[in-house]
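The next block holds one structure in the form of structure tokens; read it before the comments.
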Amino acid sequence: EKVYLNGEIKDAHDAKISVFDRGFIFGDGIYEVIANINGRLFYYDAHLDRLKDGLKKINIEFDTSSLPKAIDALISASNLKGQDYMLYIQITRGVAPRKHAYPETAIPTVMMFAFPKTLPDNNEVNAQVITRNDFRWSRCDIKMTSLLGNVMLNDEAKQHDCYETIMHRNGVFTEGSHCNLFFVKNGTVFTHPADEFILNGITRIAVLELCKSLNIEVKETPIKTTDLLNVDEAFLTGTTVQIASIQQIDDHILYTENKKGSVTKKLQEAFLKLKY
Ligand code: PDD
């Protein structure tokens, strides 16, 4: 396996970073995961733009214009040209003595790797999910590498043999531990607004655009936990889940067998034909 590290492509076991890297010590960095599907990186520019925004939000100075060339080199070295793969990009603040405030001279650490992965046909997924209190911090819009909250919440889903944990904060549903959350009620699609309580997923944005082009009404309004019994459909979106239909939320069954909702189905079918 090859790894891109600070301008060089190395074998994974030769790619070394300092234990004083602030990514390791503080989780002080951001990341992106991009899927290459049918020979193209899915909304590549949107992912790179979000990365750029993230760097700005946490005051890491790094010029991302060098990345596309580096990514090409990494994909070639990884023998992934023409295959489906996942690309991981991480930029941390760099190496500095352990002090909380941003160091003045640290040089960002840039690390990337890619691995072959053909996404499963998620039109086949009928997800069971659990609900938990969203105990993460209040800047979930930053795609930071410190994912302990997400990791803890996702592991609970695993312990319950479930596909995902969906979260609620102050009485409204926010998102999943690694994906965004949508509901459908009387033909209208609902999702939490892209504020500081969710990550504004690239897949989320693509699905919102799809709704518009399919004349499906959309409200970026969160669903209340007390309204759960009144929703008709629910689904998850994200780079690794695409659009995954939710069949069951805790004890509440939304549909049985493979009879998923018509809006979810319509969006899944249109999603496969997306040009990006
Ligand atoms: N997760 N919300 C959270 C908390 C996420 O971690 C992700 C992505 C999303 C969906 O974003 P996008 O559509 O841009 O992938 C929403 C990535 C894939 C991960 O951590 O592996």
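Structure summary
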item: Within region 86-145, considering residues that are touching a strand residue (DSSP E or B) at 6+ places or on another chain (Cβ under 7 Å) and among the basic types (Lys, Arg), the one nearest to residue 176 (Cα to Cα); result: 132
item: Of all residues making up region 63-85, the number that are part of a loop (DSSP other than H, G, I, E, B) and within 13 Å of residue 112 (Cβ to Cβ); result: 2
item: From 258, 200, residue being of a type in the set (S, T, N, Q), at pLDDT below 95 and outside any helix (DSSP H, G or I); result: 258
item: Those residues of region 47-63 which are aliphatic (A, V, I, L, M) and either away from the ligand (no atom under 13 Å from the Cβ) or surrounded by fewer than 18 Cβ atoms within 10 Å (Cβ to Cβ) (or both), in sequence order; result: 55, 58, 60
item: Which listed residue, of 79, 38, is touching a residue at least 24 places away in the same chain (Cβ under 8 Å), surrounded by fewer than 16 Cβ atoms within 10 Å (Cβ to Cβ), at positive phi and not assigned by TED's automatic domain parsing to the domain that holds residue 199; result: 38
item: Search result, residues across region 172-190 that are crowded, with 19+ Cβ neighbours inside 10 Å and in a loop (DSSP other than H, G, I, E, B); result: 177, 178, 179
item: Residues (crowded, with 19+ Cβ neighbours inside 10 Å and within 16 Å of the ligand (Cβ to nearest atom)) located in region 1-35; result: 23, 29, 30, 32, 34, 35
item: Among the candidates 198, 202, 216, residue that is closer than 17 Å to residue 274 by Cβ and in contact with a His (Cβ under 6 Å, 6 or more places away or on another chain); result: 202
item: Residue match in region 86-108 (condition: outside any helix (DSSP H, G or I), on the phi > 0 side of the Ramachandran plot, free of Cβ contacts under 8 Å to residues at least 40 places away in the same chain and over 20 Å from the mean Cα position of the chain (by Cα)); result: no
item: Total residues in region 156-171, condition of a type outside the set (Ser, Thr, Tyr) and not in a loop (DSSP other than H, G, I, E, B); result: 9
item: Pair list, Cβ under 7 Å, 6 or more apart: region 111-126 residue closer than 22 Å to residue 6 by Cα, other residue among the β-branched types (Val, Ile, Thr) and part of a strand (DSSP E or B); result: 111/3; 112/89; 113/3
item: Residues located in region 128-144, provided they are without any contact (Cβ under 8 Å) to a residue 40 or more places away in the chain, surrounded by 14 or more Cβ atoms within 10 Å (Cβ to Cβ) and in a strand (DSSP E or B); result: 132
item: Test for residue 125: is it in contact with a Pro (Cβ under 7 Å, 6 or more places away or on another chain) and surrounded by 14 or more Cβ atoms within 10 Å (Cβ to Cβ); result: no
item: All positions within region 191-211 that are surrounded by 16 or more Cβ atoms within 10 Å (Cβ to Cβ), touching a residue at least 40 places away in the same chain (Cβ under 8 Å) and more than 6 Å from the ligand (Cβ to nearest atom); result: 194, 197, 198, 200, 205, 206, 207, 210, 211
item: Search result, residues across region 238-276 that are within 22 Å of residue 131 (Cβ to Cβ), loosely packed, with under 14 Cβ neighbours inside 10 Å and of a type in the set (Ser, Thr, Tyr); result: 256
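The values are calculated or read from the model by the stated rules, or taken from the named source; none is laboratory data. Computed from a prediction, not measured in an experiment: that's the story for all the values here. Ideal geometry is used to build each Cβ from the backbone, glycine not excepted, and the neighbour counts take in all protein chains shown.
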